[in-house]
Amino acid sequence: MIFRLFAIIPCILLFTPIISAQYKYSIQLIMPSQFENDTINLDINNTLENKSFTQVIKNGIAIFAGTMETKYSSAYIYMSKNSVPIDTSFYFSTMPVKLICQENDVSTNPFLKSVFVNIYFQDIIKRMQDTVSIEENTFKNAYSNFRESFNSNKDSLKNIFLRTRTMYQNKLLNFIYNNKSSYFSLSYFNSYFVNRADYSNSDSLLRFFYSTFPKKILNSKEGKFIEKILVSKKQITEGAFAPSFNSTNFYGNKKYFNPKDSTINYTLLQFWASWCAPCIREIPAIKNIKNKFFEQDLQVISVSIDIDSNKWKSAVNKYKLDWENFNDLDIQKKYGITSVPVIYLISPEGIIIYSSEQSRDNELLEKLNSLLEKLLL
């Protein structure tokens, strides 16, 4: 059975830098006849990029081929049949990959009995699964109990959840340390820890990164990129200067945002995505803030990290975001954004004076609203 490579936690993402592609790949899926003409999806995720593709199964075959930025990458394949979700995941490289589902496999999930050719890291994935399974199950049970509890034991269950999560994460870090020379360890460190990093743990993750991985990995393209993410996350905090940026807005006009030279009193800078449910739930609160403080020269800027610009444009229209909008992954990198939503309030001097991550604000943005009342009313 293939180890699930992707944790189901919404709004966590990978950076997608614009770098010339170097490695070719080919993934061929051979599917049973009952899936003929069905749509199947592929997500490619590695340290440097996140890409999504869709194919229709024709004559029992779907082929995904292209280029990627790293020698190894993970693949997440998913589809739906009769409203039943079907998925699998694996690592691959430049050798052609085949996923073969036998014609006599009539189960709702054909991947359960499939044969994989030329996939990578199965041994180390199995060892990691065996090593952390107890802590992982304990953590998942504690999290489930915490989420489902609505009684007076909520705080105690939360403490149990946090404690078991720490034990699980420490076990993962220990496994990564003991397998530091493997690209899989670097990839898993990036996907599980770096892409969840915030102001509170970026410094400790950076220290672990430096002290764990050998120079060959630290100096690799992937290693340098992870370093840049963690350094950015460490630096973009309350009290720091907000980075400037050039980009093209929703209407195709070139814009330059320099927080230090802004003629506007304050800037609310939101990072979001069309697929991010918490981001969408925050939109009414942002609209209320914009309307409430518009006369005090508060400007709102939204930066989407959508890979598909059409989905971004559709969401801007759907939710009537009547302020400056950008869809730019370079801005995401400058601000060290590894999950959304994130909101910053930037002063006229260009200083970040509020971070939704650091303040632990809620979806109503009550802390931000209270701060703006003190500053502007």
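Taken together, the values in this text are just the output of simple stated rules run on the coordinates, not laboratory data. Predicted model only: the values in this text are computed from it and were never measured. A quick note on method: Cβ atoms are made from the backbone with ideal geometry, for glycine too, and the neighbour counts reach across all protein chains shown.
Here is how the numbers come out for the structure above:
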| item | result |
| --- | --- |
| Net +/- balance of residues flanking F92 in space, Cβ distance below 12 Å, scoring K and R +1, D and E -1 | +3 |
| Dipole axis of the range 245-376 (+1 Lys, Arg; -1 Asp, Glu on Cβ), positive-most option in S274, I343, L365 | S274 |
| The range 59-132: relative contact order in percent, alpha carbon pairs under 8 Å with at least 6 residues between | 24 |
| S144 versus K224: modelled label distance in nm, points set 7 Å from Cα along the beta carbon direction | 4.5 |
| Separation of the V115 and D322 label points, Cα + 7 Å toward Cβ, nm | 6.2 |
| Label point distance in nm, Q235-T94, each placed 7 Å from Cα along Cα→Cβ | 3.4 |
| Calculated FRET efficiency for the pair S156/S370, C-beta based, R₀ 22 Å, to 0.05 | 0.15 |
| Extension gain (nm, one decimal) between T39 and N362, 0.36 nm per residue minus Cα-Cα | 112.5 nm |
| Structure-based [θ]222 nm, the chain - -39500 (n - 2.57) summed over DSSP H runs of at least 4, per residue, nearest 500 | -11500 deg cm²/dmol |
| Listed peptides 190-200, 204-214 by packing density, highest first (mean Cβ within 10 Å) | 190-200, 204-214 |
| Dipole magnitude of the range 244-340 about its Cα centre (Cβ charges: Lys, Arg +1; Asp, Glu -1), debye to nearest 20 | 160 |
| Per-residue Cβ neighbour rank within 10 angstrom, fewest leading, T338, T131 | T131, T338 |
| T108-T131 FRET efficiency (beta carbon distance; Förster radius 22 Å; 0.05 resolution) | 0.10 |
| Cross-link table K287/K367; K292/K374; K71/K216; K51/K224; K318/K367; K255/K313, entries beyond 23 Å C-alpha to C-alpha | K318/K367 |
| The range 220-234 - phi-based ³J(HN,Hα) in whole Hz, Karplus 6.51/-1.76/1.60, Gly and Pro as x | 6, 4, 5, x, 4, 5, 4, 4, 4, 4, 5, 5, 4, 4, 5 |
| DSSP beta bridge pairing in the chain, given as percent antiparallel to the nearest 5 | 75 |
| C-alpha center-to-center spacing [the range 195-232, the range 117-169] in angstrom | 23 |
| Cα-based helix-to-principal-axis angle, 202-212 vs the chain, degrees rounded to 10 | 40 |
| Sequence of V97, V84 once ranked by neighbouring C-beta atoms within 10 Å, starting from the fewest | V84, V97 |
| Net lengthening on full extension, N178/E295 (0.36 nm per residue, minus Cα-Cα) | 36.4 nm |
| Charge-dipole axis of the chain as Lys and Arg at +1 and Asp and Glu at -1 on Cβ define it, positive-most pick from Q122, Q299, A142 | Q122 |
| Sequence-separation-based contact order of the chain, relative, with Cα cut under 8 Å and 6+ spacing, percent | 15 |
| Cβ-Cβ FRET estimate between N249 and R165, R0 fixed at 35 Å, reported to 0.05 | 0.30 |
| Label selected from (1) 62, 57, 42; (2) 57, 51, 42; (3) 70, 49, 45, the criterion being Cα extents along the principal axes in Å as computed here | (3) |
| For the chain, size of Cβ-based charge dipole, Lys and Arg +1, Asp and Glu -1, in debye | 660 |
